[in-house]
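*Asks:* Here it is: the structure, laid out below.
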Amino acid sequence: MEPKGLWLLAILLVFGLTTLIDGVEPPTKCQCAEKPNKRRECGYPGIKAEECHKRGCCFDASVTGVRWCFKPFSKLATGECSMNVYDRKECGFLIFSEKCCLKRGCCFDSSYPGVKRCFHPNIKNDC
């Protein structure tokens, strides 16, 4: 194998390991701003907040009779990924797949060539 091939293989191996170590990024406040009666199940009855968050889900036990562990909105739906393509801040080195990018809690958009396609969301304080 040529030296270039070995370097690429080493970079992909390091990236793969950091992705496994990092785990799932917790959802943002805006991603969890779902009406209680519209929540989509992401756990099981009696699930604890820590287990729910490990799944990348929202947890809110303040309302009785509804799902406490529920699926978050996508960052695209909350507008967190809407920004000028030149304002994007890289989220991870050499992320080639949308799945890996989203698992890191980042935005993915490959529709514009020559700009970052895996990038940090634009976090807003109000939803």
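We did not get these values from a lab; they are worked out from the coordinates using the rules stated. Note that the structure is a prediction, hence the values are computed from the model and not measured. Cβ placement follows ideal geometry from the backbone for every residue including glycine, while neighbour counts extend to all protein chains displayed.
*Asks:* Using the Kirkwood formula on the Cα atoms of the stretch 23-127, what hydrodynamic radius do you get, in angstrom to one decimal?
*Replies:* When all Cα pairs of the stretch 23-127 are included, the Kirkwood radius is 14.7 Å.
*Asks:* Using a simple spin-label model with points 7 Å from Cα along the Cα→Cβ vector, what separation in nm is obtained for Phe93 and Glu41?
*Replies:* 4.3
*Asks:* From the phi angles alone, apply the Karplus equation (6.51, -1.76, 1.60; θ = phi - 60°) to the stretch 67-72 and give each ³J(HN,Hα) in whole Hz, x where the residue is Gly or Pro.
*Replies:* 5, 8, 10, 9, 6, x
*Asks:* First select every other residue whose beta carbon is under 15 angstrom from the beta carbon of Val66; then total the charges, Lys and Arg +1, Asp and Glu -1.
*Replies:* Overall, the nearby charge balance is +3.
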